[in-house]
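J.: I'd like to ask you about the structure that follows.
The values are calculated or read from the model by the stated rules, or taken from the named source; none is laboratory data. This one's a predicted model, so the numbers in the text were calculated from it and none came from an experiment. Cβ placement follows ideal geometry from the backbone for every residue including glycine, while neighbour counts extend to all protein chains displayed.
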Amino acid sequence: MVAMTKKVKTFEVTFSDPSKTYYCSGDKVAGKIIVEVLEVTRVSAIRVIGAGCAKVEYAKGKQRCREEIEYLKYEEVVHLDDHPQDADGSVTLRPGNRYEYMFGFELPQQGQLVSSYKGKFGYVQYHVKAVMERPSEPVLEFKKYFEVEEPLDVNTPDLLSPAGGTKEKKVTCMFIPDGQVSLSAKIDRKGYCEGEDICINAKFENTCSRIVVPKAAIIAKHTYQANGRTKVRCEKLSAVRGNHIISGMGDTWQGKSIRVPKLKPSILGCNIIRVEYALKIYIHIPGSDKLILELPLIIGTIPCNGFSSRTNSMSSQQSSTASNSWVSLGMPSAPPSYSDIASNCRLDSPLTPLLDDYDADDSPIFIRTHSEFQYPPLPAYSEVDEDRRVLQVC
């Protein structure tokens, strides 16, 4: 955005490194203020302001809840190099010239900033604002935002330690006991970064009369505090599910994985905005509340040691395996024979939904009903010779 008036053609802020996507504590924010005018203009001062704050605002009935915390406040008056000034410190800018005012300041040290964030009821924002003061003229302002991402290393003893737990639930039907379901689960560590896989080891038991479904999901919890009130918003980010478990049976997950999607890091150091993550492992029970086990997660910016090299190694290994499989596969010299397959295949009991799970990412459970079902005719195929030329199409 470029500010323009009858006298000022260009008034904007640019950063020294436009490719820099984010800053962190201790970094230097530097750049220049660019000014071009359409007629002779006197400028009494140009100031640059660096600001950052966390703000929460939402309605609670008729009350408007607001809270704000300041994290960055910097201000200085910038000057043109080798440009004559009047006795009062003002300068005269003329058309046809491009004027650049340089600025630079350091961000506070680690522990004094919070990562940028934008949520439904609050935000953490940082910006640089340029202010042009002119005698007998309105003040001009230009604001440019920048991102802050505080480093969060998951390579700490606490975040590298495993997490797990056990839950069970007694199921009733019209106040009559109907068995129980139970789960126990464990993950290798609590700290993860974007793109890493969380491997889940879990055991599920079902002794009730219903068909249950085990599932897992990464959950984000956004907490906003203002005027002594708290507002919480939760969302499901990604999910996996297991097989249906019938009465009297169980199931086991051995290293079932769920990938961490693109996420903002956990925000734990702000008094009015908090962003926390958890791995929710649960069992869907038709006609009853879910059995839920939540394991805390910390989403960081510095991944677990060896993650990148391990990922690259696995990728290259999979690529090599796929390549070898393709070479060894070859092209068949003749099409498959259908002589042993009946063209009038029948299924005595087609699949019909038994119940619908509550989650949108699930598919229904099926039962068999007594009716006749006939598959459609076999599809046509192309015969290919060894030179891979099409000879005939059925």
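J.: Within the stretch 161-171, identify whether any single residue is within 19 Å of the chain's Cα centre (by Cα) and in the same structural domain as SER266 (by TED's automatic domain parsing), and answer yes or no.
T.: No, every residue in the stretch 161-171 fails to be within 19 Å of the chain's Cα centre (by Cα) and in the same structural domain as SER266 (by TED's automatic domain parsing).
J.: Can you say whether GLN125 is of a type outside the set (Lys, Arg), surrounded by 12 or more Cβ atoms within 10 Å (Cβ to Cβ), at pLDDT below 95 and within 24 Å of ILE267 (Cβ to Cβ), as far as the supplied structure shows?
T.: When the stated conditions are applied, GLN125 does not pass them.
J.: Name the single residue, out of those in the stretch 176-186 being surrounded by fewer than 20 Cβ atoms within 10 Å (Cβ to Cβ) and of a type outside the set (Gly, Ala, Ser), that is modelled with the highest pLDDT.
T.: Taking the stretch 176-186 first, the residues surrounded by fewer than 20 Cβ atoms within 10 Å (Cβ to Cβ) are 176-180, 182, 184, 186.
With of a type outside the set (Gly, Ala, Ser) added as a condition, the list becomes 176-178, 180, 186.
Details: ILE176: 86, PRO177: 88, ASP178: 88, GLN180: 94, LYS186: 97.
This residue is LYS186.
J.: Could you tell me whether any residue of the stretch 31-42 is part of a strand (DSSP E or B), out of contact with any helix residue (DSSP H, G or I) (no Cβ under 9 Å at 6 or more places or on another chain) and within 29 Å of ARG274 (Cα to Cα)?
T.: Filtering the stretch 31-42 for residues part of a strand (DSSP E or B) gives 31-37, 41-42.
From the residues that got through so far, the ones that are out of contact with any helix residue (DSSP H, G or I) (no Cβ under 9 Å at 6 or more places or on another chain) too are 31-37, 41-42.
Filter again for within 29 Å of ARG274 (Cα to Cα), leaving none.
Within the stretch 31-42 (the criterion being part of a strand (DSSP E or B), out of contact with any helix residue (DSSP H, G or I) (no Cβ under 9 Å at 6 or more places or on another chain) and within 29 Å of ARG274 (Cα to Cα)), the answer is no, since none of the residues qualifies.
J.: Then there's this: Looking only at the stretch 8-22, which residues are among the basic types (Lys, Arg) and within 19 Å of TYR99 (Cα to Cα)?
T.: Correct list: LYS9 only.
J.: Working carefully through the options GLY255, GLY228, GLY269, GLY250, find the one that is of a type in the set (Gly, Ala, Ser) and touching an Asp or Glu at 6+ places or on another chain (Cβ under 6 Å).
T.: Testing whether each residue is of a type in the set (Gly, Ala, Ser) and touching an Asp or Glu at 6+ places or on another chain (Cβ under 6 Å) leaves just GLY250.
J.: Another question, then. Can you tell me which of (1) more than 23 Å from TYR282 (Cα to Cα); (2) hydrophobic (A, V, I, L, M, F, W, C); (3) surrounded by fewer than 16 Cβ atoms within 10 Å (Cβ to Cβ) is the one CYS173 doesn't meet?
T.: All conditions are met except number (1).
J.: Could you please find all residues in the stretch 156-171 being without any contact (Cβ under 8 Å) to a residue 60 or more places away in the chain and either within 21 Å of VAL212 (Cβ to Cβ) or not small (Gly, Ala, Ser) (or both)?
T.: THR156, PRO157, ASP158, PRO162, LYS170
J.: Would you check if ILE218 is assigned by TED's automatic domain parsing to the domain that holds ILE200, of a type in the set (A, V, I, L, M), buried (at least 19 other Cβ atoms within 10 Å of the Cβ) and at pLDDT 95 or above?
T.: Yes.
J.: Mind listing whichever residues of the stretch 128-143 are closer than 14 Å to PHE15 by Cα and surrounded by fewer than 15 Cβ atoms within 10 Å (Cβ to Cβ)? Step through it out loud before you land on a result.
T.: So in the stretch 128-143, the residues closer than 14 Å to PHE15 by Cα come out as 128-130, 142-143.
Scanning the stretch 128-143 gives a single hit, LYS143.
J.: Taking the stated definitions as given, is VAL48 modelled with pLDDT of 95 or more, buried (at least 18 other Cβ atoms within 10 Å of the Cβ) and within 26 Å of the chain's Cα centre (by Cα)?
T.: In short, no.
J.: For the stretch 273-307: of the residues being over 18 Å from GLU235 (Cα atoms) and of a type in the set (Gly, Ala, Ser), which is surrounded by the most Cβ atoms within 10 Å (Cβ to Cβ)?
T.: The extreme case among them is GLY300.
J.: Just need a number here: residues in the stretch 139-179 that are within 17 Å of GLU294 (Cα to Cα), hydroxyl-bearing (Ser, Thr, Tyr) and in a strand (DSSP E or B).
T.: Total meeting the criteria: 1.
J.: Right, something else. Quick one: would you say THR21 is within 22 Å of HIS83 (Cα to Cα), of a type in the set (Val, Ile, Thr), out of contact with any Phe, Trp or Tyr (no Cβ under 6 Å at 6 or more places or on another chain) and assigned by TED's automatic domain parsing to the domain that holds VAL139?
T.: no
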